[in-house]
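The values are calculated or read from the model by the stated rules, or taken from the named source; none is laboratory data. Because the structure is a prediction, the values reported are computed rather than measured. Heads up, the Cβs are rebuilt from the backbone with ideal geometry, glycines too, and the neighbour counts pull from every protein chain shown. To get the accessible areas, we keep the full protein, side chains included, count just its heavy atoms, and leave off ligands, DNA and RNA. Shrake-Rupley method; radii C 1.70, N 1.55, O 1.52, S 1.80 Å.
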Amino acid sequence: MLDQQPNAGRVGLVTITGDSNFGNRLQNYAMQRIISKLGFSCSTILNTPRAAAEARPAPVRPRSLVRRLGGRLARRVFRGRAERERVAALRLRGEKDARARAFSRAHIHETDFTIYRDTPTGDLDAMYDYFVVGSDQVWNPEFRKLAEIDFLTFAGKRKRIAFSASIGIPEIPEEHRAFYSERLRDFAHISVRENAAAAIVHDLTGRTVPVTIDPTLMLGEADWAALATAHPARPGTDYLLTYFLDPRSAACDELIRSCADRLSLKVVHLNDFSVGTFYAADPAEFLGLVRNARLHFTDSFHGAIFSVIFGTPFVSFDRAWLNMGSRLDTLLATLKLEHHKFGERMGVNQVERLLARGMAHVGPILERKRAEARAYLASALERTPAEG
């Protein structure tokens, strides 16, 4: 459990909760650590953009299951092998969710209440001295359904702080622009995670806001290594790790096979229902797998981030189904790692050059960006960086 400081100022952290995504859970952990280091007692406010009645677990229906599994079980969902796969997938997903919740209970200080879309929040303002929203895609209308809690509308304007908040899409739909403009104007302080988000905020409000790094990058390698654990099935030999949130392309699979053959690497598929060995890993085991990989292929933003933190050579891919490339492009450009992004001409020779080149140049850039982010957050919380 995160150490709290009972006599310090109180900060309520608003981010996406109840998620088993590794990046989501680890950025939440990092955000609390950062705020705590500035001398505050920080609690993550459990929340959901749904109404209380909608938040009750719904029975899994075949069509929703098909969508969740990327259409793999679209045929013969009630027959033979497909039915066994369906049951196995549900079991794995349940195990993954349970292990993510256990990680949160052990490492993240969460409130003993949950805020729903229709929960009265009149008394919430008095419970904390400041509220911080971020990081992750808290302002993505496709994910969060314009939830008022993500814009801290229940809090006094002086208390409203956004840190590395992500919008995640290239532009706000016309029908939502007035909603965003009104609420963003009422923040005391705003920083965002990607250049596209900064442009959107400026367009909607006229405010020029800083682009700050994801909170996971504000903790060093030693911090994350201390949290990492070994997955019981981790290979005893060098391995190529894949972590994809969307289906892999044929070109990606061909590059994986070629690199594994050339470099004599075992392939470990982390987020693949069809390879269940690693699917239910928890966030700490995810860290351990990235840290010890010889090579990492990923379409995950945080997959790329933890490769950088641990110095693990990686190839980054665009998401197949979602247009959320701005945050990744900002990350790679900031750290001068654009050559790690997959392109049509990338082959084994280019990957071998990545292995040889390394990422030694990233350290000084990260230290500068960490200092900028700390200074922003300390100022917003009316502290000086030295106090943290």
Handout entry: Positions within the stretch 181-192 being surrounded by 15 or more Cβ atoms within 10 Å (Cβ to Cβ) and within 18 Å of Phe131 (Cβ to Cβ), in sequence order
Key = Arg183, Leu184, Phe187, Ala188, His189, Ile190, Ser191, Val192
Practice task
Tell me, yes or no, whether the stretch 10-23 has at least one residue that is part of a helix (DSSP H, G or I), modelled with pLDDT of 85 or more, within 26 Å of Leu270 (Cβ to Cβ) and under 16 Å from the mean Cα position of the chain (by Cα).
Solution key: yes
Completion exercise
If we ask which residues in the stretch 31-48 are among the β-branched types (Val, Ile, Thr) and part of a helix (DSSP H, G or I), their number turns out to be 2
Practice task
Being outside any loop (DSSP other than H, G, I, E, B) and either within 21 Å of Met346 (Cβ to Cβ) or of a type in the set (A, V, I, L, M) (or both) is the filter here, so list the residues in the stretch 272-296 that pass it.
Solution key: Ala284, Leu287, Leu289, Val290, Leu295, His296
Completion exercise
Residue hits (the stretch 88-145; open to solvent by 60 Å² or more (accessible area, probe 1.4 Å) and part of a loop (DSSP other than H, G, I, E, B)) are Tyr116, Arg117, Asp118, Pro120, Gly122, Asp123, Lys145
Completion exercise
Scanning the stretch 313-349 residue by residue, those assigned to a loop (DSSP other than H, G, I, E, B) and without any contact (Cβ under 8 Å) to a residue 24 or more places away in the chain turn out to be Gly343, Arg345
Exercise for the section: Go through (1) assigned to a loop (DSSP other than H, G, I, E, B); (2) open to solvent by less than 10 Å² (accessible area, probe 1.4 Å); (3) not basic (Lys, Arg) one by one and return the number of the condition Phe154 breaks. Expected result: (2)
Exercise for the section: Spot the failing condition for Ala155; the list is (1) within 21 Å of the chain's Cα centre (by Cα); (2) closer than 11 Å to Val133 by Cβ; (3) at pLDDT 95 or above, and only one is missed. Expected result: (1)
Fill in the blank from the handout: In the stretch 15-33, anything hydrophobic (A, V, I, L, M, F, W, C) and under 14 Å from His107 (Cβ atoms) is listed as Phe22, Leu26, Ala30, Met31
Exercise for the section: State all residues of the stretch 224-238 that are over 19 Å from Leu92 (Cα atoms), under 24 Å from the mean Cα position of the chain (by Cα) and open to solvent by less than 40 Å² (accessible area, probe 1.4 Å); if no residue qualifies, say none. Expected result: Trp224, Ala225, Leu227, Ala228
Exercise for the section: Say whether the condition of being part of a helix (DSSP H, G or I), touching a helix residue (DSSP H, G or I) at 6+ places or on another chain (Cβ under 8 Å), within 15 Å of Val290 (Cβ to Cβ) and open to solvent by 20 Å² or more (accessible area, probe 1.4 Å) is met by at least one residue in the stretch 206-223. Expected result: yes
Problem - Long-range neighbours under 7 Å by Cβ, at least six apart or interchain, first residue closer than 18 Å to Val290 by Cβ and assigned to a strand (DSSP E or B) within the stretch 244-271, second of a type in the set (A, V, I, L, M) and modelled with pLDDT under 95 - result: His269/Val275
Completion exercise
Scanning the stretch 274-329 for residues that are open to solvent by less than 10 Å² (accessible area, probe 1.4 Å), among the β-branched types (Val, Ile, Thr) and over 14 Å from the mean Cα position of the chain (by Cα) gives Val290, Thr312, Val315
Fill in the blank from the handout: Among residues of the stretch 242-297 being among the hydroxyl-bearing types (Ser, Thr, Tyr) and touching a helix residue (DSSP H, G or I) at 6+ places or on another chain (Cβ under 6 Å), the residue farthest from Leu322 (Cα to Cα) is Ser258
Problem - Where Ser43 falls short, out of the listed (1) within 20 Å of the chain's Cα centre (by Cα); (2) at pLDDT below 95 - result: (2)
